[in-house]
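Each value in this text was obtained by applying a stated rule to the coordinates, not by laboratory testing. Everything quoted here is computed from the prediction, not taken from an experiment. Cβ placement follows ideal geometry from the backbone for every residue including glycine, while neighbour counts extend to all protein chains displayed.
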Amino acid sequence: MIQETYHTLVHRFRTTATGFMKKHPTVEPTLYRLRDGCAKLIVDAARLQTWLRHDAPTNPYRVYWVDPTEITDSISWQELSGDCSTAIPDRFTLPNYHFAGRVLDGDWDTGRRPFSESVIYRSFQSHFEEGVRWPETDLYAQCLDVIEAGGDPWRCRSRSDLDRRCQGIDALYSTVEADGYSTQAELQASTANPFDHARSNTYAQTVDGEIALMVGRDGELLFYDGRNRLAIAKLLGLEAVPVVILVRHSQWQQVRDRVASGSTTLESLPDRLQSHPDLAGLASTENEEQSVATLQ
């Protein structure tokens, strides 16, 4: 009951804020910066909690480089609608910062679908590999439906906004193809502008900026956020992309804790887990200290 009430309050606040930004677009950057600052406090609190409870604390700011082909299944929405949250597990309908860095039990990792079936990937594949014009893709049609219903998919409120967004996707694809994939922090430090709103702090650059994954009970890397970038990375055949891990299943966290405490060795785990990115450095105190120092 408490959780439902909290979710309702958050959704009402977000709806009010979105409506206010629609009427007063000039305040959008300021409101985003305020949100990012508050979000960082919440994420840092979750991070501290795991430091107190686990031998292998979580670090939602840590950036991992992962082969895009290793990310096959998704637990977030596949098609576009006015409320995409209806197509993800109930406990993840809030913004990322409400659960980033947490260890959760339950069956949230079992309801998954192939990322390749998502409207983003299908439409990107049609456009970039088959030469289909954006207005002829399923993604474009679904965006128009949501706009006509009063929504703002991809932060688009009109057909012209949508056309500009598609042009931006084309530019992003060309940039990644020519120059490689950059992290959000690298984009912020360069003369290039980040693809979305200005990312003014660590939270915005990583937890809210990079491709975001969840880790299931058996160590599965499950896609959650950052569809555009993952789709482009897959289509370009990139060897690795930067990702962050938002949530870990409690059963997987037990494996991490055992490796970190030394009660389980990497060599004793199945072959597919011995090189798992989320276990890297856990067996070495020196490596872990270096990782933490780098990310602070």
Order of Ile147, Ile169 - criterion: other Cβ atoms within 10 Å of each residue's Cβ, fewest first: Ile147, Ile169
Pairwise label distance in nanometres, Glu70 with Ala240, each label 7 Å out on the Cα-Cβ vector: 0.9
Cut-off under 5 Å, modelled amide H: who pairs with Asp73 long-range: Phe115, Phe223
Distance between modelled label sites at Thr93 and Arg164, nm, 7 Å Cα→Cβ extension: 3.2
Simple Cβ-charge dipole of region 70-131, Lys/Arg +1 and Asp/Glu -1, about Cα centre, in debye nearest 20: 160
Fewest-first ranking of Glu130, Glu136, using other Cβ atoms within 10 Å as the exposure measure: Glu130, Glu136
